[in-house]
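Just so it is clear, none of the values below were taken in a lab; they were calculated from the coordinates. Since this is a predicted model, take the numbers as computed values, not measurements. Heads up, the Cβs are rebuilt from the backbone with ideal geometry, glycines too, and the neighbour counts pull from every protein chain shown.
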Amino acid sequence: MISVEKGYVDAPVDESLDLKKEIEKLKKERGAVILAHYYQRSEIQEIADHIGDSLALAQLAAKIEAEVIVLCGVNFMAETAKILCPDKVVLCPDLSAGCSLADSCPAEEFAEFVKAHPGYKVISYVNTTAATKMYTDVVVTSTNARQIVESFDKDEKLIFGPDRNLGNYINSVTGRNMLLWDGACHVHEKFSLEKILALKKEYPEAQVLAHPECKKPLLMVADKVGSTQALLNYAINSDCTQFIVATESGILHEMKRNCPGKQFIAAPPEDSTCACNECEYMKQNTLAKVYNTLKYMAPQVEVDAQVAEKAIVPIKRMLDISRSLGLIK
Ligand code: 13P
Ligand code: SF4
């Protein structure tokens, strides 16, 4: 009997195994597809069939044909995949991998906030639990947030949650005055502006790339503000050859892979001597856990049917709007 009490299969893995080869074998046997977020460990990105940002992962989950999906990300991403594919087996190598941003918006408190503001349309970032999505009119990701907000009439009253930095940024670029939930991502909030400015002095030609979950003073010195995918695209297409990257450092793997001649410097956090800023939740998944998840087909993601029935509505609305805007196919 295997235990998944800790959120992952707690079974020993033979250290002599070539895990990448074994995962490939198991993947074929199970008819599984591995989806991984750009913030996953490099070795997980390397064994994934598809890597992408939050929007791409939701879109892929919605259209994938395989019967088994292994979602290498954090638990709100696995939940979103399961909601979109209720009849498929969705595996998450470590279901205990949470998200400080999703945690900053408990469903019951958000429901109270929404109830206290009748007449408002509710926009929620995908980084929320399925239960919080139940109180949402349309879900957004950082890739489509601006366009989806702009798809509402200018005088429509809007609530945006849970990320206050992304919300403030979208307000500033759209001229809207959305009411913001006061949540944040602990990873994106802890970049050190001082250390980034010092790096700018050391590398005067380098451009600063920043995710809109970062605080405003950092966004103000950035050459490009955008979602993980937008920052990657910018780095690929830019003539510049040096970049200071202010988002979770997992994206550097894909940036370096796509741009072998360019230099990417991870922006450092405030509170440590470490040179890069990692999301400890994203790094909970390991090759050994991916191997065990496929070997034992556990842990499987489950979402309460009543919650899923409500949460799927704003998720599908996001995908439909994104498709009509040409943001996804
Ligand atoms: P994107 O994948 O939309 O860039 O979001 C970043 C993030 O923090 C995911 O957890
Ligand atoms: Fe959540 Fe931030 Fe980690 Fe993304 S980087 S999963 S928003 S804690």
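Considering just Cα atoms, how many Å³ per residue does the convex hull of segment 2-77 enclose?
On the way: hull volume 8.6 nm³, N = 76.
Taking only Cα atoms, segment 2-77 has a hull volume of 113 Å³ per residue.
Place a label point 7 angstrom from the Cα of ASP223 along the Cα-to-Cβ direction, then list the residues of segment 248-265 whose backbone nitrogen is under 13 Å away.
262-265
In whole angstrom, how far apart do the alpha carbon centroids of segment 73-106 and segment 162-196 sit?
When both Cα centres are located, 23 Å separates them.
Let me have the relative contact order for segment 1-80, percent, based on Cα pairs under 8 Å that are six or more residues apart.
Details: 80 pairs, mean separation 21.7, N = 80.
So the answer I get is 27 percent.
With N set to the residue count of segment 209-303, report its C-alpha Rg divided by 2.2 N^0.38 Å to two decimal places.
On the way: Rg = 16.2 Å, N = 95, 2.2 N^0.38 = 12.4 Å.
So the Cα radius of gyration is 1.30 times the expected 2.2 N^0.38 Å.
To the nearest 500 deg cm²/dmol, what mean residue ellipticity at 222 nm is calculated for the chain from DSSP H runs of n ≥ 4 alone, each contributing -39,500 (n - 2.57), summed and divided by the residues?
Working: 16 runs with 140 residues, N = 329.
Theoretical 222 nm ellipticity from helices: -12000 deg cm²/dmol.
Can you flag which of LYS115/LYS329; LYS27/LYS283; LYS115/LYS310; LYS289/LYS329; LYS21/LYS283; LYS20/LYS256 are past 26 Å Cα-Cα? Could the numbers behind the result be given before it?
Values: LYS115/LYS329 35 Å; LYS27/LYS283 21 Å; LYS115/LYS310 17 Å; LYS289/LYS329 32 Å; LYS21/LYS283 21 Å; LYS20/LYS256 21 Å.
Result: LYS115/LYS329; LYS289/LYS329 exceed 26 Å.
Share of antiparallel DSSP beta bridges in the chain, in percent to the nearest 5?
On the way: 2 of 33 bridges.
Within the chain, antiparallel bridges account for around 5 percent of the total.
State to the nearest 20 debye the size of the charge dipole of segment 26-120 about its Cα centre, where the only charges are +1 on K and R beta carbons and -1 on D and E beta carbons. If you can, show how the numbers build up before the last one.
On the way: 8 positive and 14 negative charges, 50 e Å.
Computed about the Cα centre, the dipole is about 240 debye.
Taking 25 Å as R0, compute the FRET efficiency from the Cβ-Cβ separation of GLN306 and GLU5 and round it to 0.05. Walk me through the numbers before you get to the answer.
Numbers: r = 25 Å, r/R0 = 1.01.
After rounding, the FRET efficiency stands at 0.50.
If you take the square roots of the eigenvalues of the alpha-carbon gyration tensor of segment 258-329 and sort them as a ≥ b ≥ c, do you get rounded (a/c under 1.5), prolate (a/b over b/c) or oblate? Working shown, then result.
Working: a/c = 2.05, a/b = 1.31, b/c = 1.57.
Oblate is the answer for segment 258-329, as a/c is 1.5 or above yet b/c matches or exceeds a/b.
Can you pull the Rg over Rh of the chain, Cα-only, Kirkwood? Numbers along the way, then the final one.
Working: Rg = 19.6 Å, Rh = 20.4 Å.
On the Cα set of the chain, Rg over Rh gives 0.96.
For the chain, what's the relative contact order in percent, using C-alpha pairs closer than 8 Å and at least 6 residues apart? Don't skip to the end; give the middle numbers.
Numbers: 639 pairs, mean separation 72.7, N = 329.
It rounds to 22 percent for the chain.
Along the Cα→Cβ direction, 7 angstrom out, place labels at ASP103 and ASP14. What is the inter-label distance in nm?
Between ASP103 and ASP14, the simple spin-label model gives 3.7 nm.
Once the dipole of segment 111-251 is set up with Lys and Arg at +1 and Asp and Glu at -1 on Cβ about the Cα centre, which of ALA206, LEU179, ILE148 lies farthest towards its positive end?
LEU179
Cross-link candidates for LYS195: which lysines have Cα within less than 16 Å, leaving aside residues fewer than 8 places away along the same chain?
LYS215, LYS216
If amide hydrogens are placed 1.01 Å from N in the peptide plane, which non-local residues have theirs closer than 5 Å to the one on GLN242?
For GLN242, whose amide H was placed from the backbone, the distant partners under 5 Å are GLN207, GLN263.
Which of the aspartates and glutamates could be linked to LYS28 by a straight reach, that is with a Cα gap under 19 Å, when you skip same-chain ones fewer than 8 residues away?
ASP18, GLU43, GLU46, ASP49, GLU65, GLU67
Taking N as the number of residues in segment 52-125, what is its alpha-carbon radius of gyration divided by 2.2 N^0.38 Å? Numbers along the way, then the final one.
Details: Rg = 14.6 Å, N = 74, 2.2 N^0.38 = 11.3 Å.
Against the compact-globule rule of thumb, the ratio is 1.29.
Using a simple charge model, +1 on the beta-carbon of Lys and Arg, -1 on the beta-carbon of Asp and Glu, nothing else, what dipole does segment 240-329 show about its Cα centre, in debye to the nearest 20? If you can, show how the numbers build up before the last one.
Numbers: 11 positive and 10 negative charges, 109 e Å.
Using only the charged Cβ atoms, the result is roughly 520 debye.
Order these peptides, 302-311, 92-101, 196-205, by their mean beta-carbon neighbour count within 10 angstrom, highest first.
Details: 302-311: 15.4, 92-101: 22.4, 196-205: 12.9.
Peptide ranking by packing, descending: 92-101, 302-311, 196-205.
If packing is taken as the average number of other Cβ atoms within 10 Å across a peptide's residues, how do 279-289, 119-129 rank, most packed first? List each step's numbers first, then the result.
Working: 279-289: 20.0, 119-129: 22.4.
The peptides rank, most packed first, as 119-129, 279-289.
Using the beta-carbon distance between ASN177 and GLU65 and R0 = 45 Å, what value does 1/(1 + (r/R0)^6) give for FRET efficiency, to the nearest 0.05?
Numbers: r = 43 Å, r/R0 = 0.96.
Efficiency at R0 = 45 Å is approximately 0.55.
As a test of the definition: which semi-axes, in Å, follow for segment 1-131 when you take the square root of five times each eigenvalue of its alpha carbon gyration tensor? Largest first, please.
Details: eigenvalues 197, 55, 35 Å².
Working through the eigenvalues yields semi-axes of 31, 17, 13 Å.
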